[in-house]
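Read the structure below first, then the notes.
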Amino acid sequence: CVCVVQDEFEYRILKFSLGLAPFVEAAFYHKSTRTLMVTDSVIFAPEDPPEIVQEDPKSLLFRAKDNVRDPAPDDTATRRKGWGKTVLFSQFLQPEKVQASLIKDYPALLAWEDGWQDSWNRVKNRLFVSPIVQVLVFSQAPKTVRLWVDEVCRWPFNKIIPAHFQAPIRASPTEFRKAFEVALETAREEGEGEATNQLLSSSSSSSSSSQLAAASAPAAAVNGDTLPIIQKFFADIFDGLAVVVGSSSSSSSSSSS
């Protein structure tokens, strides 16, 4: 879909089915400022936490701890550590170096293993596709996503404004395309459903250094064992919605009769 809005904007729509519900993403290009605006397709996580998070840093300081008894001085390094853990856990579903634990000594019952900082270093201050979107959405229709990326990259933008995390970001079509390399490279021609399993079971070490340097998120966003849990979680949500919709329809029919 291509449209010009008041001679100022153009847009490209990405839309495909995820089963009971469609996924829709819109990319807008503001021609006079050469600005690309997107919602969920790419993000940029800065090394420093946003100002709004730092207004009350207690959560950052708590997450920075490796053990609840550890000291948590309120300084830049501690805030950055808490922010890095926050981003990894929120965007990667189950980061490679964190495990759920029932031992109360671990903050939020999460045990962070040595090496989690390496994962954070690979994605901070870089444009990348959120692994949640990459695994649960884009891997389901890689050909459609690839065509949309090609269309978006025809615009000569020099900055991007995503709906989440930092904005605006200095980035060109080259950086935007590279951010999709892991997502689209993993989701190959052999089957769109199979791509989800590949992404979930891959390890960050299998991602080439060139891909990581290109600001794409590591393919090892989640462990392979997590896939059935994710599938059941969303299946339960959609089943619940179907029951609610069905009940509402039945009630409406009864009322009308």
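Of all residues in segment 154-179, those that are open to solvent by 60 Å² or more (accessible area, probe 1.4 Å) and in a helix (DSSP H, G or I) total 4.
Annotation: of all residues in segment 119-152 being free of Cβ contacts under 8 Å to residues at least 60 places away in the same chain and open to solvent by 20 Å² or more (accessible area, probe 1.4 Å), the one that is nearest to Asp48 (Cα to Cα) is Asn121. Taken over segment 11-42, the criterion of being in contact with a helix residue (DSSP H, G or I) (Cβ under 6 Å, 6 or more places away or on another chain) and either open to solvent by less than 30 Å² (accessible area, probe 1.4 Å) or part of a strand (DSSP E or B) (or both) is satisfied by Arg12, Leu14, Phe16, Ala27, Val42.
Going by the structure shown, is Ala64 without any contact (Cβ under 8 Å) to a residue 24 or more places away in the chain, over 23 Å from Ala167 (Cα atoms) and surrounded by 13 or more Cβ atoms within 10 Å (Cβ to Cβ)? Spelling it out, Ala64 is indeed without any contact (Cβ under 8 Å) to a residue 24 or more places away in the chain, over 23 Å from Ala167 (Cα atoms) and surrounded by 13 or more Cβ atoms within 10 Å (Cβ to Cβ). Set side by side, the residues Pro71, Pro46 differ, and just one is within 16 Å of the chain's Cα centre (by Cα), part of a loop (DSSP other than H, G, I, E, B), surrounded by fewer than 18 Cβ atoms within 10 Å (Cβ to Cβ) and modelled with pLDDT of 80 or more, which is Pro46.
The values are calculated or read from the model by the stated rules, or taken from the named source; none is laboratory data. Everything numeric in this text was worked out from a predicted model, so none of it was measured. Every residue, glycine as well, gets a Cβ built from its backbone with ideal geometry; the counts of neighbours run over all protein chains shown. Only protein heavy atoms, including side chains, enter the accessible area calculation; ligands, DNA and RNA are left aside. Shrake-Rupley method; radii C 1.70, N 1.55, O 1.52, S 1.80 Å.
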